Amino acid sequence: MKDNANTVVVLDFETTGLSPNYGDRAIEIGAVILENGTIVDRFQKLMNPGRPIDSFIEQYTNITNAMLVDQNSCEEVMTEFSDFMGDYNLIAHNASFDKRFLDAEFRRINKNYPGKFCCSMLVARRVYQNAPNHKLATLMSHANITPTGDFHRALADAEMTALLWAKIIADIKEKYDIMHVPFSSLVKLSKTNKKLVDKYLYSLTEK
DNA sequence: TGCCAGGCCCTCTTTAGGGCCTT
């Protein structure tokens, strides 16, 4: 397992709803491989959740029932995605949400993954404490990053989360004069008391 | 959307409640 932030998989799910424990399923996955701050590979697939999606989800994602009816099953798509993600560490915006769906879909196909998740939202809450809020769209604007596509589609959100992640790391390196920010340090940062963020990041400088 | 989730995080807190985020 690579303990660094140089190569990670950034992923995003569109789903039928908020809770896999209450029967919600994935309908789209988008992911990119981010290597040294550059997107070097992409994965995007719609998938058929086995039942119709409601009008809110159609409106929210612009993914319609007509678009899903002929798609491969979640099981087929997630098997393919398992090969794409390999053993890389994982990033998602509000990762607890995407992790729940990844775990639920992988459980159905008896797959596991060795990578660890880190949440771009939790890190952004600490690094960009003055942002108006910490939604992905707001953070893109706050960090002066040009959106690359439509929000609420999986690949576009994954790409934009990746760009945000790269900017966060670049900003940390510049502000705290750190050459290397290990993935494990970013996980630790995501759990650090917001008032102690400076102290923690300066402690990395001294190493 | 509606009110079906869950983890984080703040505060008028910790024997709790409610907003933020994700779809």
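The values are calculated or read from the model by the stated rules, or taken from the named source; none is laboratory data. In this text, all values refer to a predicted model and were calculated from it rather than measured experimentally. Glycine also receives a Cβ, built like all others from the backbone with ideal geometry; neighbour counts cover every protein chain displayed. Ligands, DNA and RNA are stripped out before the accessible areas are found, and what is left, the full protein with its side chains, is counted by its heavy atoms. Shrake-Rupley method; radii C 1.70, N 1.55, O 1.52, S 1.80 Å.
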* Asked: Rounded to the nearest 0.05, what FRET efficiency do A:Ala170 and A:Arg42 have when you use their Cβ-Cβ distance and R0 = 22 Å?
  -> 0.55
* Asked: Accessible area per residue, 1.4 Å probe, Å², for region A:8-205: what's the number?
  -> 49
* Per-peptide average of other Cβ atoms within 10 Å, ordering A:120-133, A:23-36 highest first -> A:23-36, A:120-133
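Grab the Cα-Cα distance for A:Ala66 and A:Phe106, subtract it from 0.36 nm times how many residues apart they are, and report the gain in nm with one decimal.
Length gained between A:Ala66 and A:Phe106: 11.9 nm.
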* Roughly to the nearest percent, how much of the accessible area of chain A is carbon and sulfur, given a 1.4 Å probe? -> 48
* To do: Please give, to one decimal in nm, the separation of the simple spin-label points placed at A:Asn130 and A:Asp150, each 7 Å out from Cα toward the Cβ.
  => 3.5
* Asked: If you build a Gaussian network model of chain A, linking Cα atoms that sit under 10 Å apart, which residue out of A:Pro114, A:Pro49, A:Pro20 swings the most?
  -> A:Pro114
* Structure fact -> Of the listed links A:Lys167/A:Lys199; A:Lys111/A:Lys194; A:Lys135/A:Lys195, those spanning more than 30 angstrom between alpha carbons are A:Lys111/A:Lys194
* Starting from the Cα-Cα distance between A:Thr205 and A:Gln59, subtract it from 0.36 nm times their residue separation and give me the gain in nm to one decimal. => 47.9 nm
* Exposure of A:Thr161 as accessible area (Å², to 10), given a probe of 1.4 Å and all protein chains -> 0
* Structure fact -> Result row for chain A, helices from DSSP H with C-alpha axial extent 15 Å or more and mean Kyte hydropathy at least 0.5, is none
* Asked: Within straight cross-link reach of A:Lys175, meaning Cα distance under 17 Å, which aspartates and glutamates are found once same-chain residues fewer than 8 apart are removed?
  -> A:Asp198, A:Glu206
* Provide the three semi-axes, in whole Å and in decreasing order, of the ellipsoid equivalent to region A:8-205 as defined by the square roots of 5 times the Cα gyration tensor eigenvalues. => 31, 18, 15
* To do: Work out the FRET efficiency for A:Asn193 and A:Lys116 from their Cβ-Cβ distance, taking R0 = 25 Å, and round it to the nearest 0.05.
  => 0.75
* With a point put 7 Å past each Cα toward its Cβ, work out how far A:Ser141 is from A:Met179 in nm, to one decimal. => 4.0
* What number, rounded to the nearest 500 deg cm²/dmol, is the helix-based mean residue ellipticity at 222 nm of chain A, given -39500 (n - 2.57) per DSSP H run of at least four residues and division by all its residues? -> -13000 deg cm²/dmol
